[in-house]
Amino acid sequence: MPDYEDRTTQEFAEYVRDAARRAGYDIDSPRGGGRTALARDTGMSQSSVGRMLAGRAMPDPAYLEALATALRVPLPDLLVLSGLISREAFAGEPQSPRALSPREAAADLGIKDPTKVQLFETMVRALLTDQNIAPEERSDESGAA
């Protein structure tokens, strides 16, 4: 594999590892289940996820959309980092932020304890209800939860 491809694969792996941690996947602990959960959420095999996270292989492009969704990152970022398209291909296209669910917001804030995540979700739903905003309506608005 040429040096450029090695560097691209390593940069992609670093980006995905960081995004996976931010999304709440415990990819560092052998028994954390994060790699298995990421494989399940993306439709990738566990061995493909392992090779991708280790920087030994790129995922099949067919999985990039599911990977972007699972990691809550913009698909164009994955397309550029994977080398499939150039950064210039998306220059000038504004990225509107996607509304987060309460669970996603908790993960982004680093809340990992299941009891605390549930408490956070309940509190956010109560606040949205007090504002007469149904959770499904909130996800249509711009901005984060």
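Pop a pseudo-label 7 angstrom from the Cα along the beta-carbon direction at both Q131 and R31 and give the gap in nm to one decimal.
It works out to 4.1 nm between the two label points.
Three principal axis extents, largest first, for the C-alpha atoms of the stretch 3-90, in Å?
39, 26, 21
Rounded to the nearest 0.05, what FRET efficiency is calculated for R40 and K112 with R0 set to 22 Å and r the Cβ-Cβ distance? Please report the intermediate quantities before stating the final value.
Numbers: r = 18 Å, r/R0 = 0.83.
My answer for the efficiency is 0.75.
Taking the Cα centre of the stretch 3-90 as the origin and placing charges on Cβ (Lys, Arg +1; Asp, Glu -1), which of L81, G34, L53 is farthest toward the positive end of the dipole?
It is G34.
Read-outs: derived from the displayed coordinates by stated rules, not from any lab. What you see is a predicted model, and the numbers here were worked out from it, not measured in a lab. Every residue, glycine as well, gets a Cβ built from its backbone with ideal geometry; the counts of neighbours run over all protein chains shown.
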